[in-house]
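The values are calculated or read from the model by the stated rules, or taken from the named source; none is laboratory data. Just so you know, these numbers come straight off a predicted model, no measurement behind them. When we count neighbours, we look across all protein chains shown, and the Cβ atoms used for this are built from the backbone with ideal geometry, even at glycine. Side chains included, ligands, DNA and RNA excluded: accessible areas come from the protein's heavy atoms. Shrake-Rupley method; radii C 1.70, N 1.55, O 1.52, S 1.80 Å.
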Amino acid sequence: MSRVNTVLGPIPAEELGLVAVHEHIGYGMPGSELDTKWWKTPEQRYEETVPKLRRFHEYGGGTFVDATGICNGRDVDYYRSLSAKTGVHIVASTGFVGGDTALPFFARASVEYLTEHFVHEITVGIGGTGGRAGVIKVGVSRGGRMTDLDKRIYRAAARAALATGVPVLTHLAIDAENAIAIFDAEGLPLDRVLFGHVDDGVNADKTRDTWIAEQGGRIGFDTFGYETELEDPPFWARPRKERLDHFLRFIGQGHLRKVLASADANCSPLGWPGVKGHTVNYIFEDLIPDLRAAGLDEAAITTIFVDNPADFMTIQK
Amino acid sequence: MTGAQTAGNSTGNTVNTVLGPVPAQELGVAAVHEALLSVFPGAQYGFDVTLDRAEIFETLAGKLKDFRRHGGGTIVDSTGMFHGRDVRLYETLSRTTGVHIVASTGQGPEEMLGGYFLTPQTNPPTPWPAEKFADLFAKEVTEGMVVPRVERRGAAGLVATAATLAGMTATDESLFRGAARAALATGVPVSIRFGNDAVRDLEVVLDEKLPAGRVVVGGLDRRDAVAAGAPFEVAARGAYVALDHVGAEGTGDTEDDTHVTDAERAALVIELVEAGHGDRILLSSNATGVAKGHPANDVAYSAVLTTFVPLLAKQGLGDGDVRRILVDNPRDLLSVR
Ligand SMILES: [Zn+2]
């Protein structure tokens, strides 16, 4: 049976449709909830979020994968109401964006505890919400190298992925040798891992995307839209054409079946200002038109946004 | 409120409790270093951690009533803003039990902070400086303590921070300086837990020109601090000396070897009084009312009153000195100046 866990329950993978595989309803660093400068009323949060999801649905978007980690403002009750009211399937993550976003309770936890926690969130539910996680988020802490804690989280993610069949999605694909060594040691096939953010402005040069693909990993060009052309670009922005050329070059090397693409946008950021004008709908409004203009056919576009994510997201048991 | 820092007499002053300002002379016997709900940061998300508010309330109310029955008046939750603090629950507890509750702002040491303060979304990810911590903490006094992403409630009654046990880190120093500046700006006191050198860590907050009488140094009944003579040096500088692990021995917690025994603690109190520091001593238990995500200790808030005061009396400490330590000193410390 093909299944994917969404926050409202399992759905058949055939129903995912077009998937935005790395997005955020709202992201904030742990502790940002203490700083009132970022607070928004629930009215404001819905007001900023609902139209973006509705637009996504109207454009033909099927599924929104929220890649927000456990301590980063992940709010499954809220996601459930958004999904029910907009018709967009929302998949929530277990795991952490990186070791530096795991609070002390998890930072001190053993690999065994972290594994058990991830498995619980995938098979039983997240807190008391009833919603189950459909993907495991892991990542590399600031600084460019995997920390010991990052490695413990990767190892626990690998074990939980094997135990439950859900895939793993990474924040950053730098230091991939260490990541792949852990996945190999744990016996997790690399096609269950999406190595994300290979396209980001800070790390693209240091990311061995081709090598990762050759090892069998999936490759995430998933910061589309964070462009230096923006009015107020973030530090990880990159010139639009440079990113697009990178993506097309990579596909041209025969990696079409390996790539996924997304915008990593926040519908309503929680602990940072966000980036004005950047939403999940960049996929429809900019990226897909750019790909068509570059000569990609509809079959290829379907492969990138529908077939590859369905293969990746399907629980493999 | 930053005006004259008059020592001693605090007759006209008030203390920030969770139910609002209370005249300082109404506090009664006050325990300055205790924990009500103590949640190790992140444990609230743990799949096997349950936070049943009704159950937590019942446990804490029982412990507070026991404290009151033995003559206690005020409990200070000195766990800061990011260790399970639940202001609404504390308001209800105070109303129900009649015990004054003072809650704290502040956080630390570095390891206990969220990534927002340590690796912010800037390039490079520079940890927060003192000035930003000062602003965060001061607003919890002037505008009220936060219920994250929901609202602000009553004013914090003190700023609590701590240094890394192995030694103060750069971020710990920012926390200490920020705490001192917040205290200067708002008039509430500062509570510090030192790392590996109590006097050195105290000097950091004093360097911010915070009068020593606005500072309490916790954990001075730690064996290493006692061996180094830190309680006397801290008192000599004019800061409050908290011997705040009363009753810890024999509770099976891991702090057994870290702190002196109650008998040794009582002897230390007598020596401090004899050295003229009777107006600088504070007694407390660091009792964890309800602990989530870390081991609880099984110490009652009333331990000072039920077991320790009799020890002091037996060693010859007079009623006047006992009263000064249990009532007058915390009143003077907690009074908003
Ligand atoms: Zn992301």
Where a ≥ b ≥ c are root eigenvalues of the Cα gyration tensor, a/c under 1.5 meaning rounded, otherwise prolate if a/b exceeds b/c and oblate otherwise, segment A:260-317 counts as oblate
List the chymotrypsin sites (Phe, Trp or Tyr not before Pro) in segment A:207-273 that DSSP assigns to loop (not H, G, I, E or B) and whose Cβ has at most 11 other Cβ atoms within 10 Å. Which are they? none
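To the nearest whole number, what is the average tally of beta carbon atoms from other chains within 10 Å of the beta carbons of peptide B:47-54?
Rounded to a whole number, the mean comes out at 3.
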Between segment B:127-171 and segment B:205-242, how many Å separate their Cα centres? 21
If the cut-off is 25 Å between C-alpha atoms, which lysines fall inside it for B:Lys63, apart from same-chain ones fewer than 8 positions away? B:Lys292
Globularity ratio of segment A:23-313, using Cα Rg and 2.2 N^0.38 Å: 0.94
In Å² (nearest 100), what accessible area is buried between A and B, both sides summed, heavy protein atoms only, 1.4 Å probe? 3000
Among A:Lys40/A:Lys85; B:Lys65/B:Lys139; A:Lys85/B:Lys139, which pairs are too far apart, with a Cα-Cα distance over 29 Å? B:Lys65/B:Lys139; A:Lys85/B:Lys139
How many Å² of accessible area per residue for the protein assembly as shown, probe 1.4 Å? 36
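For a quick protection proxy, order the peptides A:154-160, B:272-278 by their average other-Cβ count within 10 Å, most packed first.
A:154-160, B:272-278
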Per the helix-only calculation at 222 nm, which mean residue ellipticity applies to the protein assembly as shown, given -39500 (n - 2.57) for every DSSP H run of n ≥ 4 and division by its residues, nearest 500 deg cm²/dmol? -10000 deg cm²/dmol
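Using a 1.4 angstrom probe on heavy atoms only, work out the carbon and sulfur share of the accessible area of chain B in %.
Percent of accessible area from carbon and sulfur atoms in chain B: 52.
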Within 10 Å of the Cβ of an average residue in A:96-102, the count of other chain Cβ atoms is 3
Only Cα pairs within less than 10 Å get springs; with that Gaussian network setup on chain B, which residue of B:Leu51, B:Leu312, B:Leu36 has the largest fluctuation? B:Leu51
Name the aspartates and glutamates eligible as straight-distance cross-link partners of B:Lys314: C-alpha to C-alpha under 15 Å, and not fewer than 8 places from it in the same chain. B:Asp262, B:Glu264, B:Glu271
Between rounded, prolate and oblate, where does segment A:1-101 land on the alpha carbon gyration tensor, with a ≥ b ≥ c its root eigenvalues, rounded for a/c under 1.5, else prolate if a/b exceeds b/c? oblate
In nanometres, what is the gap between the two model label sites at A:Leu8 and A:Glu186, each 7 Å from Cα along Cα-to-Cβ? 3.1
Considering only the other residues whose Cβ falls under 9 Å of the Cβ of A:Gly73, what net charge follows from Lys and Arg at +1 and Asp and Glu at -1? 0
Give me the inter-chain shielding for B:140-148: mean count of other chain Cβ atoms within 10 Å, whole number please. 2
Quick check for segment A:146-286: number of Lys pairs with alpha-carbon distance under 26 Å, counting only pairs 8 or more apart or on different chains? 6
